[in-house]
Amino acid sequence: MAETINMPKLGFDMAEGTLIRWVKQVGETIHKGDVLAEIETDKATVEVESPTGGVVLQLIVNQGDVVPVNAAIAIVGAAGEKVEAPAKTESPKPADEKTPAPQTQPKADSVPSAVTPSESGPIKASPLAKKIAKDNNVNLSALQGSGPNGRIVKKDVESALSSGQSAVSSKQSAQPVTNYQLPISLEDKIIPTTKLRQAIGRRLVESKTTIPHFYVTHEFKMEALAELRKQINAALPDNEKISVNDFIVKATALALRQFPNLNATLKGNEIIQFGHVNVGVAVTVPGGLMTVVVKDTDQKPLRQISSEIKTMAGRAREGKVKPEDVDGSTFSTSNLGMYDVEEFIAIVNPPEAGILAIGSAKETPVVENGQIKIGSRMKATISVDHRVSDGAEAAQFMQKLAEFLENPVRMLV
């Protein structure tokens, strides 16, 4: 029996997604778990897997269409099975959008296969194409997009690089460069915000205006953890080495198991304490950041946690996250230690009740037993929803976290 596949809901605030590319076409065989299509959401480009096997009977929406959550996008069934496609669901138009006057449509054979992006409007490009272009200083406005509706995709940027196409805009190249002065642009630059940046803005405004935050900072002794990490990594291949952040994520999960009120959410007049401890890890991606989620973090060994974070972070940076990568976190962490940050505070990621902001582990003079010596110290700050918890509980949580970080062998047993 034929099965209708719908636009998935990836996160509680997702309302629609853009279907970027069909991976399978009508008539092709597809197995359960095979990638059917790629969609772009506020967060990233996501691969949609088929929940069933069979033959692709119909593709209900076109590449480039904006599709509401739960609207039908395709039908999969048995070869030769007769089906009727559900009616398309139109996505709502913004309040200020006016319906354009009817226009004569060009014949199918007159539509160009690649469209040059307009210099005056936003450049349509996939997140991965933008990242490659940024890393290699490629001027996207000079490229032709071969994707849906002239969208610039990865292969377009790689083709420009392989052909030696100039990566510098004409305005930049016209400016003289000397040994003493770098070229300076005196013109204002307008950069349209991405869907990801818009989503981050909406969520953080919601968090700061509706959640009463409070903050607790603790300084941790890191010598024992550094030594244990050195011993563990000596026995592991380079691609499996454990990071300091892996230890922190594991320790956070173990501490949360003993403080379930911080592994919670507020719903109306009730506090819901989650049964699972799913720690979200903030990852920097082109144009913003994303939180990937380690499910049941408290029950997994360090090596597995490390592997999952590496894999999910890699997919996030390539714009290829899976729905399960970004869904279901119960508490979040944000680590800026690699940027030589002493300490900072993070904004609670709703609907969670808390987030841990982690700074750098640094060598510093410390006093122990009346003697000054060199020690390794790291500061971290927990931000908490004051409607759910209070300062004393957050401080006790940080003390428990210190027990795991300062005696890290406890995380191995």
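Numerical summary
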item	result
First in segment 202-217 and in contact (Cβ under 8 Å) with a residue 60 or more places away in the chain, second anywhere and in a helix (DSSP H, G or I) and aliphatic (A, V, I, L, M), Cβ under 7 Å, 6 or more apart	Val216/Ala394; Val216/Ala395; Val216/Met398
Segment 286-315, residues that are in contact with a Leu (Cβ under 9 Å, 6 or more places away or on another chain) and within 24 Å of Ala353 (Cα to Cα)	Gly288, Leu289, Met290, Thr297, Asp298
Single match in Met338, Met290 (criterion: surrounded by fewer than 18 Cβ atoms within 10 Å (Cβ to Cβ), within 19 Å of Asp246 (Cβ to Cβ) and out of contact with any Asp or Glu (no Cβ under 8 Å at 6 or more places or on another chain))	Met338
Conditions (1) surrounded by fewer than 18 Cβ atoms within 10 Å (Cβ to Cβ); (2) of a type in the set (A, V, I, L, M); (3) touching a His at 6+ places or on another chain (Cβ under 6 Å); number of the one not met by Ile372	(3)
Every pair of residues 6+ apart whose Cβ atoms lie under 7 Å, when the first sits in segment 281-309 and is over 25 Å from Leu236 (Cβ atoms) while the second is surrounded by fewer than 16 Cβ atoms within 10 Å (Cβ to Cβ)	Pro286/Lys134; Gly287/Arg197; Gly288/Arg197
Members of segment 341-362 found to be touching an Asp or Glu at 6+ places or on another chain (Cβ under 8 Å) and of a type in the set (Gly, Ala, Ser), listed by number	Ala353, Gly354, Ala357, Gly359, Ser360
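Each reported figure results from applying straightforward, stated rules to the coordinates on display, with no laboratory input. This structure is a prediction, so every number in the text was calculated from the model and none was measured. No Cβ is skipped: glycine too gets one built from the backbone with ideal geometry, and neighbour counts run over all protein chains shown.
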